[in-house]
1. Could you point to the label whose value was computed as Rg and Dmax of the Cα atoms in Å for the structure here, given (1) 18.8, 53; (2) 20.9, 68; (3) 30.0, 129?
2. Using a Gaussian network model of the chain with C-alpha springs under 10 Å, which one of Arg131, Arg199, Arg64 is most mobile by mean-square fluctuation?
3. Please report, largest first and rounded to whole Å, the three semi-axes of the ellipsoid equivalent to the stretch 179-288, where each semi-axis is the square root of five times an eigenvalue of the C-alpha gyration tensor.
4. Out of Ala133, Ala48, Ala75, any idea which swings most in a Gaussian network model of the chain, alpha carbons joined below 10 Å?
5. Which one of Val117, Gln303, His167 has its Cα pushed farthest toward the positive end of the charge dipole of the chain, where Lys and Arg give +1 and Asp and Glu give -1 at the Cβ?
6. For the chain, which DSSP H helices look membrane-span-like by this rule: Cα extent along the axis of 24 Å or more and mean Kyte-Doolittle of at least -0.5?
7. Evaluate the relative contact order of the chain (contact order divided by residue number), counting alpha-carbon pairs under 8 angstrom at least 6 apart; express in whole percent.
8. So how far apart, in nm, are the two label points at Glu73 and Lys211 if each is 7 Å from Cα heading toward Cβ?
Amino acid sequence: MAGESFFQRLKQGLTKSRDSLLKNIGTVFQNRRWDEASLDAVEESLIAADVGVKATDKLMEALRRQAPDGNGELAEEMSARLQAAMVQILQQQSTSVEVAPLSIRPWVIIFLGVNGVGKTTTIGKLAAQYRSAGKKVLLVAADTFRAAAIEQLDIWGQRVGVDVVKHRPGADPSAVVFDGMQAAKNRGIDVLLIDTAGRLHTKMHLIEELKKIRRVIARELPGAPHETLLVLDAVTGQNGLQQARVFKEATDVNGIVLTKLDGTAKGGVVISIQEELGVPVQYIGVGEDVLDLQPFDPVQFAQALLNR
């Protein structure tokens, strides 16, 4: 694992998605000519890969724009065209991620997401990466609703060698965040990573809680939080999109972290999320290793999804 590049791990992680898409595209254009029936079959394959209706319409528009040039394999040409169209869609929303911000201290990042999506693991991995970049990192366990969430963040803190600001289970999350902000300023912390609760079944309470947390942060440090990242599980596909809409209603979300891309044949959900929500995917995760979470690169993603 250590000797592999992230692109190799990404490509391996997207094997299920790639095999499904390329097999369908190859079958379509081996058995048929360039006609509406073939294009309809490609459209069905994109929907099956969870690309989403809106993004699929854009991709199909790009394919229909001109007939094939007749040189080389039709399936290869269609894959190359799809790849270029995907990159164009993904780059419309994408923003470069400053993995080690230097200008503001502390750089405050809030993490949102329902239980089980890999939120705590994402925080731990980013904490490890920031530390490797020479940053002083502090974690805040503001998901006080679940004792397990506090424990998990504590374990990650010990594992990567960073402190965790925490209260007892059931404590006021805003009070934990206030203590975290104070500690970050007093200790000269570079990056402050804040975990929050994600219990969508009490939606109104969640919204009020997140608003209060943001007010506390902004009062302690004008301009903060600097990033609000929503963690989604790629395996949940369109259900994840619905979760994202609820969180987006609740608070300003300016980036998505998409985890577990290695566990699904529906890697197209990356495109669907950006197109439907208008929020860029900032990071993607393709495995358990700390380095299996990386800033999202549209070109690299499209290549890994559509190149054998």
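Since every read-out is calculated from the coordinates, none of them should be taken as a lab result. Bear in mind that the values here come from a model prediction, so they are computed numbers and not experimental data. Here Cβ is always computed from backbone atoms with ideal geometry, including for glycine, and neighbour counts include all displayed protein chains.
1. (2)
2. In this elastic network of the chain, the residue with the biggest mean-square fluctuation among Arg131, Arg199, Arg64 is Arg64.
3. 27, 17, 12
4. Per the Cα network of the chain with a 10 Å cutoff, Ala133 tops the list.
5. Result: His167, furthest along the dipole toward the positive end.
6. Those that clear 24 Å and a mean of -0.5 are 74-93.
7. Relative contact order of the chain: 28 percent.
8. 5.6
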